[in-house]
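Single-structure report; data block below.
Since every read-out is calculated from the coordinates, none of them should be taken as a lab result. All of these numbers come straight from a predicted model, not from anything done at the bench. Because the Cβ atoms are built from the backbone with ideal geometry, glycine has one as well, and the counts that use them run over all protein chains shown.
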Amino acid sequence: MPTTYLIRHGQASFGAADYDVLSPVGEQQSKVLGEELRRREVRVDQVWSGTLRRQLATAAACLPVAEVDLPVAQDVRWNEYDHLALVRESLPPGEEPPSTREFQRLLDAALLGWIGGPAEAGRAWADFQDGACAALGELDGNTLVFTSGGVIAAICARLLGLPPEGFVALNRTMVNASLTKIVRGRSGISLVSYNDHGHFEGPHRELLSYR
């Protein structure tokens, strides 16, 4: 039964001038993820990623450790929505997004507004979710996909038939460098496990992060 693992990128540089760079923790998370894939002896026929640097850097750090020697194909449909732009649009003009827990509350509200309102930076919510689900549907064989939390949550919300609030709840709990397992069978595409991060328990618990 063909299996797809949707992988959230390692920790990026939240609060820094350039978010789209893996932090030192993110680099280490990616390597631990590679160790976990190797331990599971995951069969891989192809590897995909979005075009964002944090996604590609996670693949670059993970794959050699996992002993997966395959090229990484890229597809913009695996790219994340612009979370910083969403939050900025919800703030008074000139005010910058906070770098605290308040950010998550603002992001949740902005996501619900985006789903039910106008396009974010010219990109409608329906296009974002439909694109991610279409990219998944086009995969063939056993696949690793290095992507982002919003993409994974959007796909899982569609597979589970969840309302917008369900997507936001899934998005909020996504762990960096976690694994979401999807299989294809006679009944179609099914979600088997979501946000698996057991590799960040025990000796690697200090690497657990959500942002």
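Can you tell me the orientation of helix 24-40 relative to the chain, as the angle in degrees between its alpha-carbon axis and the longest Cα principal axis, to the nearest 10?
40 degrees
Got a sec? How would Ile182, Ile189, Ile7 order by Cβ neighbour count within 10 Å, fewest to most?
Fewest to most other Cβ atoms nearby, the residues stand as Ile189, Ile182, Ile7.
What distance in nm separates the two pseudo spin-label positions at Met1 and Arg40, each 7 Å out from Cα along the beta-carbon direction?
Taking the two extended label points, one gets 1.4 nm.
Any idea what angle helix 149-160 forms with the longest principal axis of the chain, computed on alpha-carbon atoms, 0 to 90 degrees, nearest 10?
Tilt of helix 149-160: around 80 degrees.
Using DSSP to call loops (not H, G, I, E or B), can you name the GluC sites (Glu not before Pro) in the range 1-51 whose Cβ has at most 14 other Cβ atoms within 10 angstrom?
Counting only loop positions with at most 14 other Cβ atoms within 10 Å, the GluC sites (Glu not before Pro) in the range 1-51 are Glu41.
How would you order 17-23, 43-49 from highest to lowest mean count of nearby Cβ atoms within 10 Å?
Order by mean packing, descending: 43-49, 17-23.
Multiply the residue gap between Asp127 and Val183 by 0.36 nm, knock off their C-alpha separation, and tell me the result in nm, one decimal place.
Full extension from Asp127 to Val183 adds 17.8 nm.
What shape does the range 38-138 have by the C-alpha gyration tensor, where a ≥ b ≥ c are the square roots of the eigenvalues, rounded means a/c under 1.5, and otherwise prolate means a/b greater than b/c and oblate the rest?
Judged from the Cα gyration tensor, the range 38-138 comes out prolate (a/c at least 1.5, a/b above b/c).
Among rounded, prolate and oblate, which fits the range 95-211 when a ≥ b ≥ c are the square roots of the eigenvalues of its C-alpha gyration tensor, a/c under 1.5 means rounded, and a/b larger than b/c means prolate?
Verdict is oblate for the range 95-211.
How much mean residue ellipticity at 222 nm does the chain get from its helices, if each DSSP H run of length 4 or more adds -39500 (n - 2.57) and you divide by all residues, to the nearest 500 deg cm²/dmol?
Mean residue ellipticity at 222 nm (helix-derived): -13000 deg cm²/dmol.
Excluding Gln104 itself, calculate the net charge of residues whose Cβ lies under 14 Å from the Cβ of Gln104, where each Lys or Arg counts +1 and each Asp or Glu counts -1.
With Lys, Arg at +1 and Asp, Glu at -1, the neighbours total +2.
For the range 16-41 and the range 112-189, write down the distance between their C-alpha centroids in whole Å.
Here the two parts' Cα centres lie 21 Å apart.
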